[in-house]
1. For Gln74, which sequence-distant residues (separation of 5 or more, or a different chain) have an amide H within less than 5 Å of its own amide H, given hydrogens modelled in the peptide plane?
2. Add -39500 (n - 2.57) for each DSSP H run of 4 or more in the chain, then divide by its residues: what number comes out at 222 nm, to the nearest 500 deg cm²/dmol?
3. Under the Karplus relation 6.51 cos²θ - 1.76 cosθ + 1.60, θ = phi - 60°, what is the ordered set of whole-Hz ³J(HN,Hα) values for the stretch 392-402, x standing for Gly and Pro?
4. Can you work out the accessible area per residue across the stretch 350-411, with the rest of the protein chains kept in place, probe 1.4 Å, in square angstrom?
5. Step through the residues of the stretch 427-434 one at a time and calculate ³J(HN,Hα) from phi using the Karplus curve (6.51 cos²θ - 1.76 cosθ + 1.60, θ = phi - 60°), rounding each to whole Hz and writing x for Gly and Pro.
6. Placing unit charges on C-beta atoms (Lys and Arg positive, Asp and Glu negative, everything else neutral), compute the dipole magnitude of the chain about its Cα centre in debye, rounded to 20.
7. Mind giving me the FRET efficiency for Val410 and Arg43? R0 is 30 Å, r the Cβ-Cβ distance, nearest 0.05 is fine.
8. Tell me, what is a quarter of the convex hull surface for the C-alpha atoms of the stretch 200-293, in nm² with one decimal?
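The values are calculated or read from the model by the stated rules, or taken from the named source; none is laboratory data. Here the structure is a predicted model, which is why all the values come from computation and not from measurement. Cβ: placed from backbone, ideal geometry, glycine included. Neighbour counts: every protein chain shown. Keep in mind that these areas ignore ligands, DNA and RNA; they rest on the heavy atoms of the full protein, side chains included. Shrake-Rupley method; radii C 1.70, N 1.55, O 1.52, S 1.80 Å.
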Amino acid sequence: MILTKVENDDPDYVESYKEEMKKEAEGSDALERVLFHVGEMGRYQKLLFLSMLPFSLFFTFIYFGQMFITATPQQHWCHVPELEHLDLETRRNLSVPRVGEGWAQCVVYAANWSNVLDAMQPPEPSTPTVPCQHGWDFKLGDIPYHTVVSERGWVCEYAGYAPFAQTMYFVGSFTGGIIFGWAADHFGRVPALVGSNLIACVGGLGTIFTKGLWDFIFCRFLVGMAFDNCFMLLYILVLEYVGPKQRTWAANFPIAFFFGGSFLLIPWLAYWIADWRKFLWYTTLPLSSCLLVPFLIPESARWLASRGKVSQAVKVLKRFETINRTKVPQNIMDEFIVSSSQARERESIIDVFKSAPLRKMMLLLMVIYMACMVIFDGLVRMSEGLGLDFFLAFTLASATQIPSVGLVAVLLDRLGRRNLAMGPIVITGIFTVTAAFVPKGLPQMILAIGSRFAINMACTAAVQWSTELVPTGARASGLSLVHVSGYVANMLSPLIVYSARIWGPFPMLTLGSIALTASSFCFLLPETKGRPMPQTIAEGEKIMRSHTLCGKAEEERDLNEKEKALIT
């Protein structure tokens, strides 16, 4: 458009032109304009924001709870029935060979225990040894209660059982991510949210009554199906109701404070309860409160509109008007109704993958998220073997959640999603590679905490970045697929951590290499800072095609040039 001097001198024309350019920049999403008038962060959105608190706790219980029921006491030795009347240390001193400054954990002397008791002296060091034949004795020091591992003897030749069970948990996450992501896009966010939390409740309670390996694995598989749909579906729903200017803090402050607080709570809850079965009772029963969700949390108006359920979407928006004490102009509401009522082909994740630009976007998001999650999960699991108290190490690492995600919330709209994902991944890579070559204890713990701080930032930025790139019609299933890719990566993290038994530096080196490699993929995705969330496949393609490696879209530069022309 060419402006004449008369037009430029007309303040009304300039103002209307700016408004036109603003609408062009924001796209044709009628719901964005409705939310602008109903309130981008009104009273109802604030209530939805607070509703994320209990579901943050549920997420923490579902994800981290398994680490506290399968923690392995570091001090354990072969049990000898003939010596069980003696105290633990005396039994160990009489029956177990020394290994360096410690004691062998998986072998015992092949001795005549009557003679040992008579002399109250250990056998000669040259006495042959045999593997443990009657189970193990556990010194409940670093872990002050019996866990599934100590109760069922999952150590030594059975030490792979716990990592295997945790890997199968993530197989459940893979399955649940597909099922509940599909359900969220076909039946709504609310039914899928309820279903995922209910199945975790069933699996968690079932775990309490398990007796062996395979029934335990089945129940943990059920619990895994809820990770992390138990929270992410609500997260998506809340983000779909807030305006672009409010989205960053609404997305990140719950993760910082709700997640951060629950991360700090769970180790000391387990320590205080000191019984893995009671711990599961206390952390599983609250999940049943998800049955109240349909009465308290509205369905996504974006999803309702994308499925042609316009009257239900309008009903939800009218409720927002009432609670927020605002009024949407009738012409704006009519525009939303007409736009939503137009016959349109329902878009799904299959349509996303039929589009070359969006297929590229999905694959890149999956790779980045896989790297973030395997590093995050690996660092969490390594809290048990950093040379400090497990509960203290877990707490110190978890304490990074609040400041790291809070920092993301402050910087995300200044530096952008891409920079806040890529930069911290690089820092994580440097810290973890360095940690591989420093002694266990405080030096390694400091580097591990620094790595955890950085990867928290990267994960948080990546989650919001993904939410803002996937179109509405496929958002739940698309994000579920991204998260499912993280579950696939998480299947490897217990095995990566377990590999320290073969070569100590291997886990840290592996995680560092993954971080440094994955950071390069961030260059290939567009920045979403300040953009409306894409409603259709076409809008998503437009965002991808406008991307440049410098991070500034062509259409944004055009808009800036037009605005500068107006000013001059």
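1. Counting only residues 5 or more places away or on other chains, the set is Asp142, Ile143.
2. On the way: 29 runs with 377 residues, N = 568.
Calculated mean residue ellipticity at 222 nm is -21000 deg cm²/dmol.
3. Taking θ as phi minus 60°, the curve returns 5, 4, 5, 5, 4, 5, 5, 5, 6, 4, 5 Hz for the stretch 392-402.
4. Numbers: 1920 Å² over 62 residues.
About 31 Å² of surface per residue is accessible.
5. 4, 4, x, 5, 5, 5, 5, 5
6. Working: 48 positive and 49 negative charges, 116 e Å.
Using Cβ point charges on Lys, Arg, Asp and Glu, the chain gives about 560 debye.
7. Numbers: r = 25 Å, r/R0 = 0.82.
Approximately 0.75, to the nearest 0.05.
8. Values: hull surface 27.9 nm².
Result: 7.0 nm².
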